[in-house]
Amino acid sequence: MSEQKIAEVRAPGLRAWLLSDSPASVSQARCQRFYLAWLAFSANPIAMAGFIIIVTLFLLALFAPLITNGDGTVQDLPKRLLPPSAEYWFGTDELGRDIYSRIVWGARITLYIVGLVGIIVVPIGLAIGTLAGYLGGWVDNVLMRFTDIFLAFPRLILALAFVSALGPGLENAVLAIALTTWSPFARIARAETLTIRNSEHILAAKVQGASTLRILSSHVVPLCLSSVIVRLTLDMAGIILTAAGLGFLGLGAQPPLPEWGAMISTGRQYLLDQWWIPTIPGLAILTVSMGFNLLGDGLRDVLDPRSGGEK
């Protein structure tokens, strides 16, 4: 948003405080930056579409006990293979379980997977990438060759190898996905560190006697974080697809948990006659993956200063 447009929408009160030309404190400056980023983000309809999809996913997972009749694991064989109707919006599966309830409760599993993977891979990627980029030399060579090993294998194939070694299960699937996902974040963090390690404020910190750990944690990591967050959001679709692939092969969440990939696996034999059983969870995976991609594109426009999205 241009400065002229910002001036046109200025109003008394909170908005005037957020758009002040002379912030009185660091907190006000940070609030202004966040607000201007939100204005730029909300002006992008595609990004807002992704934001709405992801917020809807969170709300479904949060209020699952209130908007469903059960956790989707209770069998009712007399009502098996019923088509979508007013009573069962998405129909029932081969065991008479309500597919709508299973989709909603499966949203919790999806968020659990992507959340834990994000918590694991971001610190690992930042630590390895910033160390390699800042220290350089043999440290950079060793860490990047180690990273290249993980980048050389397709993510799903490597995840299958790890899960086969660890054993099937939701927690092991999360760990396997994390072990195959951190390497691109290390590459991004290294590239960002290489561009800023000779910046004036970092050189000034060195002159003042700041330790390497302090420089990395206080100066380098915060500057790399925005690019890593954008990459994480864009990678969420790949994480969801990998988790669904493991569930489809029976190596992820185990029955009777309503994991979307496992639902497709058990329902694929009914595709021709009872199409809704594998199709509905497939559409759920497609929609959520698209939502994260659209959200990531919007965040990239806002957080990446080289994209010109933030003014």
(message) Need one number: nm distance between label points at Trp89 and Arg30, each 7 Å from Cα along Cα→Cβ, rounded to one decimal.
(response) 3.9
(request) Per residue of region 64-76, in order, report the coupling 6.51 cos²θ - 1.76 cosθ + 1.60 (Karplus, θ = phi - 60°) as ³J(HN,Hα) in whole Hz, putting x for Gly and Pro. (result) 3, x, 8, 10, 10, 8, x, 8, x, 10, 7, 8, 9
(message) Please list 3J(HN,Hα) in residue order for region 253-265, calculated via the Karplus relation 6.51 cos²θ - 1.76 cosθ + 1.60 where θ = phi - 60°; whole Hz, with x for glycine and proline.
(response) 4, 9, x, x, 4, x, 7, 4, x, 5, 5, 5, 4
(request) Provide the per-residue ³J(HN,Hα) series for region 85-90, in order, calculated from phi with Karplus coefficients 6.51, -1.76, 1.60 and θ = phi - 60°, each as a whole number of Hz, with x at glycine and proline positions. (result) 7, 5, 7, 10, 4, 10
(request) Could you tally the net charge around Pro258, taking each other residue with its Cβ under 11 Å from the Cβ of Pro258, Lys/Arg +1 and Asp/Glu -1? (result) -1
(message) Per 0.36 nm of contour for each residue apart, how much would the distance between Leu166 and Asn141 grow if the chain were fully extended, relative to their Cα-Cα spacing?
(response) 6.1 nm
(request) Place a label point 7 angstrom from the Cα of Lys206 along the Cα-to-Cβ direction, then list the residues of region 117-139 whose backbone nitrogen is under 19 Å away. (result) 129-139
(message) Going by amide H atoms built from the backbone, whose H comes under 5 Å of the H on Asp76, apart from near neighbours?
(response) Gly96, Arg97
(message) Using helices alone, I'd like the mean residue ellipticity at 222 nm for the chain: each DSSP H run of four-plus residues gives -39500 (n - 2.57), total over residue count, nearest 500.
(response) -22500 deg cm²/dmol
(request) Would you mind telling me which residue in Gly169, Gly261, Gly106 has the biggest mean-square fluctuation in a Gaussian network model of the chain, where springs connect alpha carbons within a distance under 10 angstrom? (result) Gly169
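Read the figures in this text as sums done on the coordinates, not as results from a lab. Quantities reported herein were computed from a predicted structural model and do not represent experimental measurements. FYI the Cβ positions are ideal-geometry reconstructions off the backbone, even for glycines, and counts take in every protein chain you see.
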